[in-house]
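Working notes, structure below.
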Amino acid sequence: MSAAWPGSSPTLLSRFGAWALRRRGWTPLLAAPTPPRFVAAVAPHTDNADFWIGLLWKWATRSPAHFIAKREIFVFPVGLFMRAVGGLPIDRRRVGGNFVDAVVALIEREPEIMLTVAPEGTRRRTEFWKTGFYYMALEAQVPIGVTVLDWGRRQVGVVGYVTPTGDLEADFAVIRRLLEGVRGHTPANAGPVRPRPAAQGGPGRG
C-alpha cells in the first residue's frame, strides 16, 4: 500500500509526521487506488490517544483529511486549533437543519476530501454504529474508506474501500471483514460493527 496522497509532494510537516510515526513504531497505510473524495469510517475509536496518531497520519500522508463539527464551536481561539488540525464548520441551517445533507453539500463542492467520521460516536463501548456516515457516502455518491487505528499491529490508515449500494447489512458485512483482527487502544471499549436494528429504532440517516 502506498502511504502518500496521489499527486502530493513531501513537505517538512509530512516528513515530521512520518518520522514521528516511525519513532513510535507505527506504519501509515493508504489503500490504492485512492479516490479523490470519500468518507472515512475510522474505527475502533477507544481512547483520546487515537486523535494524535490520526493527526500524524494526516501529516505523513499529505491527505486532505477533515472532520466536521457544528459551526458554533469554531470561535476564537478554539476555532484556530480546530481548523489547523482539519476541522470544518457545518451550518445545518443552510440545508434545512439536516446534518447529513449539510455534509453531502460539503463533499460535493470539494475536488478532493477525505471526510473522517467515528461511527461509534463515543470512546466508550457501544453495541451499534451510528449510520450517518453511510448515508453521507451513499448520497454524495462516494466510497467509504475503512480506516483503522490498530494498536495491536501499530498500523493506522485506510485499508480498503466500500462503495455503498443501499443494502446496509451487506455493506456492513464488507466493512466487518476489513476490520477483522484490528485492536483498539482500549479493547474493552470496542463494540461490534453493526447498525442499530430497525426493531430498536434504527438505522438512522442522521
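The values are calculated or read from the model by the stated rules, or taken from the named source; none is laboratory data. Just so we're clear, the structure is a prediction, and the values are computed from it rather than from any experiment. Here the Cβ is made from the backbone with ideal geometry for all residues, glycine too, and neighbour counts use every protein chain on show. Areas reflect the complete protein model, heavy atoms only, side chains present, ligands, DNA and RNA absent. Shrake-Rupley method; radii C 1.70, N 1.55, O 1.52, S 1.80 Å.
If you check residue 147 against the conditions, is it hydroxyl-bearing (Ser, Thr, Tyr) and within 18 Å of residue 57 (Cβ to Cβ)?
Yes.
Restricting to the range 8-46, name every residue that is surrounded by fewer than 19 Cβ atoms within 10 Å (Cβ to Cβ) and in contact with a Phe, Trp or Tyr (Cβ under 6 Å, 6 or more places away or on another chain).
If the condition is that a residue be surrounded by fewer than 19 Cβ atoms within 10 Å (Cβ to Cβ) and in contact with a Phe, Trp or Tyr (Cβ under 6 Å, 6 or more places away or on another chain), then 13 is the only one that fits.
Conditions: (1) at pLDDT 95 or above; (2) more than 22 Å from residue 164 (Cβ to Cβ). Residue 2 meets all but one. Number of the miss?
(1)
If you go through the range 11-46, how many residues are small (Gly, Ala, Ser), out of contact with any Asp or Glu (no Cβ under 7 Å at 6 or more places or on another chain) and not in a loop (DSSP other than H, G, I, E, B)?
6
Mind checking whether some residue in the range 154-163 is open to solvent by less than 20 Å² (accessible area, probe 1.4 Å) and of a type in the set (Ser, Thr, Tyr)?
no
Which of the residues belonging to the range 152-196 are aliphatic (A, V, I, L, M) and within 15 Å of the chain's Cα centre (by Cα)?
156, 158, 159, 162, 175, 178, 179, 193 - these are the residues of the range 152-196 that are aliphatic (A, V, I, L, M) and within 15 Å of the chain's Cα centre (by Cα).
Is it the case, given these coordinates, that residue 139 is touching a helix residue (DSSP H, G or I) at 6+ places or on another chain (Cβ under 9 Å) and either of a type in the set (Lys, Arg) or at pLDDT 95 or above (or both)?
Judged against the criteria, residue 139 is a match.
Filter the range 143-153 for residues that are over 23 Å from residue 188 (Cα atoms) and either out of contact with any strand residue (DSSP E or B) (no Cβ under 8 Å at 6 or more places or on another chain) or open to solvent by 10 Å² or more (accessible area, probe 1.4 Å) (or both) and give the result.
Within the range 143-153, 143 is the sole residue that qualifies.
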